[in-house]
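The values are calculated or read from the model by the stated rules, or taken from the named source; none is laboratory data. None of these values were measured; they are calculated from a predicted model. Ideal geometry is used to build each Cβ from the backbone, glycine not excepted, and the neighbour counts take in all protein chains shown. In case anyone asks, the SASA skips ligands and DNA or RNA and just uses the protein heavy atoms, side chains included. Shrake-Rupley method; radii C 1.70, N 1.55, O 1.52, S 1.80 Å.
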Amino acid sequence: MKNSTEDRARIENGSLRDGTGPLGNSPHAEAYMVQLNAIERFRAVPTNWSTSPVVAPNDEQIAAAQHGLLMLLLEEVPAPKLMLLNDGTLAAFWRHGDVYASIDFDADGDFPWSAARELDVTSGTWSGGTLPPPLRDAIGG
């Protein structure tokens, strides 16, 4: 990931926590810090924690998730909840009422997403910049 070193430095130096950086001024910064810290716990996933074959995320997958979360924070949307996919990819989801949205933080930097409201499902790929309107609408905030 091209910005993972810079992103990791921001996390480690606390600029998200103490409000000294531009991201730290976001009303969502604290909730994103919780999710960024949760990424490290996924690295320690024990073998056979699931009935399906699941692998722990590698460094590239961890960096993709960190970068993806920081890009979402820049878009000023509420923090998602994280989940681990069987291949070690980290993903995020939002659920409220009859709306569900998810995004996979693929290591190649293209993040497939889907948004569902009742029977209406939309999907696409996001690699940064402005969130696609259907995804933003599903996430809310």
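Name the residue that is nearest to LEU84 (Cα to Cα), counting only residues in the range 51-63 that are in a loop (DSSP other than H, G, I, E, B) and at pLDDT 90 or above. This residue is PRO57. If the condition is being open to solvent by less than 50 Å² (accessible area, probe 1.4 Å), in a loop (DSSP other than H, G, I, E, B) and within 19 Å of ALA31 (Cβ to Cβ), then the range 127-141 contributes LEU131, GLY140.
Condition test on GLY124, is it surrounded by fewer than 19 Cβ atoms within 10 Å (Cβ to Cβ), in contact with a Ser or Thr (Cβ under 9 Å, 6 or more places away or on another chain) and part of a loop (DSSP other than H, G, I, E, B)? So GLY124 fails the test.
The condition of being at pLDDT 90 or above and in a helix (DSSP H, G or I) holds for only one of TYR100, TYR32, that being TYR32.
Assessment of the range 94-103 against the conditions (of a type in the set (Asp, Glu), within 13 Å of the chain's Cα centre (by Cα), within 28 Å of LEU119 (Cβ to Cβ) and surrounded by fewer than 21 Cβ atoms within 10 Å (Cβ to Cβ)) yields no matching residue. From the list ASN25, ASN48, ASN37, the lone residue that is among the polar types (S, T, N, Q) and modelled with pLDDT of 85 or more is ASN37. Screening ALA115 on (1) surrounded by 17 or more Cβ atoms within 10 Å (Cβ to Cβ); (2) of a type outside the set (Val, Ile, Thr); (3) within 22 Å of ARG43 (Cα to Cα) shows it passes everything except condition (3).
Among the residues of the range 78-93, those identified as farther than 13 Å from ASP106 by Cα and part of a loop (DSSP other than H, G, I, E, B) are PRO78, ALA79, PRO80. When GLY88 is tested against (1) surrounded by 15 or more Cβ atoms within 10 Å (Cβ to Cβ); (2) within 22 Å of THR122 (Cα to Cα), just one condition goes unmet, and that condition is (2).
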